[in-house]
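The values are calculated or read from the model by the stated rules, or taken from the named source; none is laboratory data. Predicted, not measured: the structure shown is a model, and the values here were computed from it. Backbone-built Cβ (ideal geometry, glycine too); neighbour counts: all protein chains shown.
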Amino acid sequence: MQFKHISLVARNAAHLAEFYKSIFGCTEIRSPKTLTGEAVSRGNGLPGSEILSIWLSLPGVDGPFLEIHEYRAAVERPVPQVNEPGYGHMSFSVGDIRATSAAILQSGGKALGEITNFGTEESPVLLVYIRDPEGNILELEQS
């Protein structure tokens with residue numbers, strides 16, 4: 001058994017992919033594809049599916065990747081909260097948490113918490129929760 005990928009459903013897949021490439025250094029693993037047809041609909045259980053699919057490498061890992069999908073017929077839902085059951089967040093280790101947070105906010109993200117030291121003064125471990133431009137929750141860690 002092997003973990004393969006994480007999938008985000010986006011309102012604008014190309015824009016969200018550019019965000020992850022710009023902020024976290026993700027790169028496209030393949031050209032964007034449009035997925036459609038009977039096999040796609042059978043596989044996901046959604047009749048008439050038409051999906052723009054973008055695959056991005058994740059920094060520092062060899063294997064699992066970030067899949068961003070944009071459905072032609074998307075269903076809106078409330079912005080997820082930190083304490084909701086189900087998908088929680090993706091976490092990235094960063095070299096400069098303040099600069100990365102500022103870049104995310106400048107790119108249309110939203111702050112959730114504030115940068116907090118979960119380590120010690122001698123050995124700090126800084127964490128913060130923040131949203132990407134589509135409202136997905138991210139955790140940034142600097143140690």
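List of remarks:
- Within the range 103-143, tally of residues that are under 14 Å from residue 19 (Cβ atoms) and more than 14 Å from the chain's Cα centre (by Cα): 3
- Contacts under 9 angstrom Cβ, first residue in the range 110-121 being loosely packed, with under 13 Cβ neighbours inside 10 Å and among the acidic types (Asp, Glu), partner outside any loop (DSSP other than H, G, I, E, B) and at pLDDT 95 or above, 6 or more apart: 114/128
- With respect to the conditions (1) assigned to a loop (DSSP other than H, G, I, E, B); (2) touching a helix residue (DSSP H, G or I) at 6+ places or on another chain (Cβ under 6 Å), residue 68 falls short on a single one, namely (1).
- Residue match in the range 94-109 (condition: exposed (fewer than 12 other Cβ atoms within 10 Å of the Cβ) and among the aliphatic types (A, V, I, L, M)): yes
- Just one of (1) without any contact (Cβ under 8 Å) to a residue 40 or more places away in the chain; (2) closer than 24 Å to residue 4 by Cβ fails for residue 65. It is (1).
- The sole residue among 46, 8 that is of a type outside the set (Gly, Ala, Ser) and either within 19 Å of residue 137 (Cα to Cα) or modelled with pLDDT of 95 or more (or both) is 8.
Table: residues versus (1) outside the structural domain of residue 109 (by TED's automatic domain parsing); (2) surrounded by fewer than 14 Cβ atoms within 10 Å (Cβ to Cβ); (3) in a loop (DSSP other than H, G, I, E, B); (4) of a type in the set (S, T, N, Q).
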{"position": "11", "(1), (2), (3), (4)": "yes, yes, yes, no"}
{"position": "17", "(1), (2), (3), (4)": "yes, no, no, no"}
{"position": "23", "(1), (2), (3), (4)": "yes, no, no, no"}
{"position": "40", "(1), (2), (3), (4)": "yes, no, no, no"}
{"position": "56", "(1), (2), (3), (4)": "yes, no, no, no"}
{"position": "60", "(1), (2), (3), (4)": "yes, yes, yes, no"}
{"position": "63", "(1), (2), (3), (4)": "yes, yes, yes, no"}
{"position": "80", "(1), (2), (3), (4)": "yes, no, yes, no"}
{"position": "84", "(1), (2), (3), (4)": "yes, yes, yes, no"}
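- Residue list for the range 45-54, restricted to those being assigned to a strand (DSSP E or B) and among the hydrophobic types (A, V, I, L, M, F, W, C): 51, 52, 54
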